[in-house]
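Asks: For reference, the structure I am asking about is given below.
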Amino acid sequence: MINPLVKISDYTEVEELKSIIRTKNISTVYQPIVSLSDGKIIGYEALSRGPIDSPLQTPDKLFKAAQVHNKTWELEQLCRIKAIEKAANIEKNKYLFINVDPHIFKDEKFKKGFTKEFLAQHNMSPECIIFEITEKTCIEDYKGFKQALSNYVDQGYKIAIDDTGSGYSGLKMLNETKPHFIKIDMDLIRNINEDSFKQSLIECFVKLSESTNMKLIAEGIETEEELETLINLGVYAGQGFFIGRPAGTFLDISNSVKDFIIRCNKLKNNICYSYQYNTIGEIVRRDKAFSPTTQCKEIKEYFDDNDITGACIVNNNNIPVGLIMRHSLDSALATQYGVAVFTRRPISLVMDSNPLIVDYCTPVNEVSKMSMARKTENIYDYVIITNNSKYYGIVSIKSLLSYTTTLECNYAKQLNPLTELPGNTVIQNNINNIIEAKRTCSVLYFDLDNFKIYNDTYGFENGDRVLKYTAQLIHSEIKSRFPYNGFIGHIGGDDFVGIIENPIEECEKLCENIIKKFDMGILNFFNEKDRHNKYVEATDRRGNKDVFPITSLSIAGIYGALNSFSDPKEVGLFTAAIKKEAKFIKGSCYLIKTVD
């Protein structure tokens with residue numbers, strides 16, 4: 001008999017929910033999560049759906065109904081079991097992200113459900129599982145929650161905080177849990193390409209992730225522009241409809257999206273100073289790795305026999321799970337009864353379970369920053385290098401610092417000594433890489449008018465001051481407007497080059513602003529008479545006295561896909577022809593032509 005106090009809709013909903021749980025009529029789909037540095041899939045998020053044509057088909061209605069009718073545990077357990085059963089064929093180097101309410105971690109039924117034996121039945125390991133904590137309600141007992149969480153982390157599971165930046169998933173949650181992954185809420189990602197405040201927030205998260213070794217994942221990426229912005233900001237990974245929609249099996253992302261990610265990274269890397277993008281894989285050392293069950297005695301003998309100060313600890317799948325440094329092992333053995341206690345015990349008891357691990361393709365300068373951001377006692381620990389998530393080798397801090405110093409010295413030789421901007425070699429490399437990447441951008445050629453007359457009249461020292469002023473103005477304007485994809489180089493003399501990967505309308509606004517500020521600022525370099533007259537009386541190259549206008553700035557540019565040019569020289573010749581036209585225009589000006 002139907003309870004008269006219960007609405008017909010509520011009654012239908014609870015019966016539908018009970019039927020779904022009883023018949024296990026839940027379908028699981030998997031959405032790819034990809035690296036934003038190379039487009040490779042790092043894992044999949046398991047998402048649950050109700051029966052097709054059911055009023056509880058969508059996850060929001062399904063889980064809300066479970067909460068209302070006190071069936072949350074039963075539904076979540078069913079969803080997890082379904083997700084794992086279907087994930088038996090997932091590649092071993094891919095993660096499976098499973099959504100979990102934080103309040104059930106202490107539940108004995110949950111603990112029993114996630115034994116290693118349960119996963120082994122489905123050909124999976126705890127190292128593959130990421131508990132994605134979906135904080136629907138506020139956590140009041142953080143102490144108890146952290147203890148329960150540690151139980152799973154110690155077994156090899158990893159933790160991700162979902163929807164960071166919304167609801168209860170804030171800074172306190174990050175500080176208390178110190179997760180392996182931070183998933184940024186889609187509200188912060190939406191239209192991030194148009195929102196400088198959101199960009200600044202994500203930039204802060206990127207710096208946090210680099211200094212704490214927590215990986216940043218952007219959720220809900222829906223447009224090409226959002227994806228490109230996140231790549232330029234340095235976000236580790238992303239997911240969303242633009243990258244790949246949820247599917248009933250483990251699909252790869254499309255080649256077009258993968259190629260787009262690779263092209264964005266190539267342009268990002270090459271449009272910046274070249275020395276910053278030598279990869280850490282260039283100096284990796286292929287040291288031996290050990291199992292967590294290796295006895296401390298064996299590791300000690302390895303250190304003594306090979307004059308090595310550290311070793312990577314890997315699981316059966318050759319995935320790094322820890323690092324042991326000689327000083328840490330010696331400290332453990334040096335304690336009272338240390339030799340007796342640890343000599344024949346597994347190295348997992350004393351290893352660092354959260355070492356710095358970076359991919360083979362990570363830029364050297366980024367690894368250097370992450371290394372120096374570690375705790376004081378860990379600064380000199382080895383950096384573990386992986387390739388496709390598997391152990392590849394190590395890099396010592398000594399070799400890292402030595403290599404970085406060499407790169408910086410070599411790069412410094414390519415800088416113009418006056419303006420400290422990249423010179424011709426770097427400029428040509430950037431243009432050449434843009435040609436190969438087939439990306440649409442603007443190449444702007446900046447040239448001072450009547451600069452020789454200024455030099456002859458005011459002297460070369462003041463001329464150098466004008467060049468520095470011009471360089472600083474152009475650099476400041478480009479970097480303030482396009483901080484992640486703007487480049488400026490100094491060809492020599494009074495010639496500069498800017499490269500901007502933005503719509504032509506934004507490039508035109510940039511030119512207008514530079515000209516406006518230049519015309520105001522250049523007057524400070526002239527005496528009162530010349531500034532008032534707005535011309536200089538001087539002798540020309542033939543020895544004749546003449547009147548010359550105040551120094552101005554001509555900007556010649558091309559906009560479009562540069563793959564129609566064969567090399568940087570051809571780009572330079574085409575731009576020089578436009579500059580010749582601009583020179584005939586009186587005063588400061590810009591002229592940008594579109595190329596097919």
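Asks: Would you compute, for the Cα atoms of segment 406-452, the largest minus smallest coordinate along each principal axis and list the three values in descending order, in whole Å?
Replies: 38, 35, 10
Asks: Can you compute the FRET efficiency between Asp567 and Leu401 using 1/(1 + (r/R0)^6), with r the Cβ-Cβ distance and R0 = 41 Å? Round to the nearest 0.05.
Replies: After rounding, the FRET efficiency stands at 0.65.
Asks: Want the number for Ser196 to Phe241: 0.36 nm per residue separation, take away the alpha-carbon distance, what's left?
Replies: Numbers: separation 45, 0.36 × 45 = 16.20 nm, distance 2.29 nm.
This chain segment gains 13.9 nm when fully extended.
Asks: I'd like the antiparallel share, as a percent to the nearest 5, of DSSP beta bridges with both residues in the chain.
Replies: 60
Asks: Here's something else I'd like to know. From the helices alone, meaning DSSP H stretches of at least four residues, give me the mean residue ellipticity at 222 nm for the chain, per-run term -39500 (n - 2.57), in deg cm²/dmol to the nearest 500. If you can, show how the numbers build up before the last one.
Replies: Working: 22 runs with 253 residues, N = 596.
Helix contribution divided over all residues of the chain: -13000 deg cm²/dmol.
Asks: Using only alpha carbon positions, build the gyration tensor of segment 485-546, then give the equivalent ellipsoid semi-axes as the square roots of 5 times its eigenvalues, largest first, whole angstrom.
Replies: Numbers: eigenvalues 199, 55, 20 Å².
Each semi-axis is the square root of five times an eigenvalue, giving 32, 17, 10 Å.
Asks: In addition: Once amide H atoms are built 1.01 Å from N in the peptide plane, which residues 5 or more positions from Asp287, or in another chain, come under 5 Å H to H?
Replies: For Asp287, whose amide H was placed from the backbone, the distant partners under 5 Å are Ile394.
Asks: Can I ask one more? Any of Lys413/Lys468; Lys438/Lys569; Lys369/Lys398; Lys61/Lys198; Lys369/Lys468 with alpha carbons more than 23 Å apart? Name them for me. Please list the in-between numbers first.
Replies: On the way: Lys413/Lys468 18 Å; Lys438/Lys569 17 Å; Lys369/Lys398 14 Å; Lys61/Lys198 30 Å; Lys369/Lys468 30 Å.
The answer is Lys61/Lys198; Lys369/Lys468.
Asks: When only alpha-carbon atoms count, how far does the chain stretch along each of its three principal axes, as whole angstroms with the largest first?
Replies: 106, 74, 43
Asks: Provide the net charge surrounding Phe250, with neighbours chosen by a C-beta distance below 11 Å and charges set as Lys +1, Arg +1, Asp -1, Glu -1.
Replies: Here the charged neighbours net out to 0.
Asks: Could you work out the Rg to Rh ratio of segment 497-596, with Rh taken as the Kirkwood radius (inverse of the mean 1/r over all Cα pairs)? Don't skip to the end; give the middle numbers.
Replies: Numbers: Rg = 16.7 Å, Rh = 15.6 Å.
Value, to two decimals: 1.07.
Asks: Right, another one. How far, in nm, would the chain grow between Asn123 and Gln155 when pulled straight, counting 0.36 nm per residue and subtracting the alpha carbon separation?
Replies: 9.9 nm
Asks: Given points 7 Å out from each Cα along the Cα-Cβ axis, report the Val206 to Gln295 separation in nanometres with one decimal.
Replies: Calculated label separation equals 4.9 nm.
Asks: Now a separate question. What do you get for Rg/Rh of segment 363-450 when both radii come from the Cα atoms and Rh is the Kirkwood radius? Can you show the working numbers first?
Replies: Working: Rg = 18.6 Å, Rh = 16.6 Å.
We get a ratio of 1.12 for segment 363-450.
Asks: Leu418 to Val339: extension gain in nm, 0.36 nm per residue of separation minus the Cα-Cα distance?
Replies: This chain segment gains 22.3 nm when fully extended.
Asks: If amide hydrogens are placed 1.01 Å from N in the peptide plane, which non-local residues have theirs closer than 5 Å to the one on Leu591?
Replies: Ile555, Ala556, Gly557
Asks: While we're here: Given the Cα atoms of segment 281-407, and with Rh set as the inverse mean 1/r over their pairs in the Kirkwood sense, what is Rg to Rh to two decimals?
Replies: Looking at segment 281-407, the ratio lands at 0.97.
Asks: Looking at segment 414-595, what % of its DSSP beta bridges pair antiparallel, to the nearest 5?
Replies: 80
Asks: Please find the FRET efficiency linking Asp252 to Glu506, where r is the Cβ-Cβ separation and R0 is fixed at 35 Å, and quote it to the nearest 0.05.
Replies: The computed FRET efficiency comes out at 0.55.
Asks: Given a cut-off of 28 Å, name the pairs among Lys534/Lys583; Lys509/Lys545; Lys266/Lys479 whose C-alpha atoms lie farther apart than that in the structure shown.
Replies: Lys509/Lys545, as the Cα separations exceed 28 Å there.
Asks: Can I ask one more? In segment 281-407, what percentage of the DSSP-assigned beta bridges are antiparallel, given to the nearest 5? Each step should come with its number before you reach the end.
Replies: Values: 13 of 18 bridges.
Roughly 70 percent of the beta bridges in segment 281-407 run antiparallel, per DSSP.
Asks: Something else: So how long is each side of segment 414-595 along the principal axes, counting just the alpha-carbon atoms, biggest first, in Å?
Replies: Principal extents (largest minus smallest coordinate, Cα): 50, 31, 29 Å.
No lab work stands behind these numbers, since they all come straight from the coordinates. Note that the structure is a prediction, hence the values are computed from the model and not measured. Because the Cβ atoms are built from the backbone with ideal geometry, glycine has one as well, and the counts that use them run over all protein chains shown.
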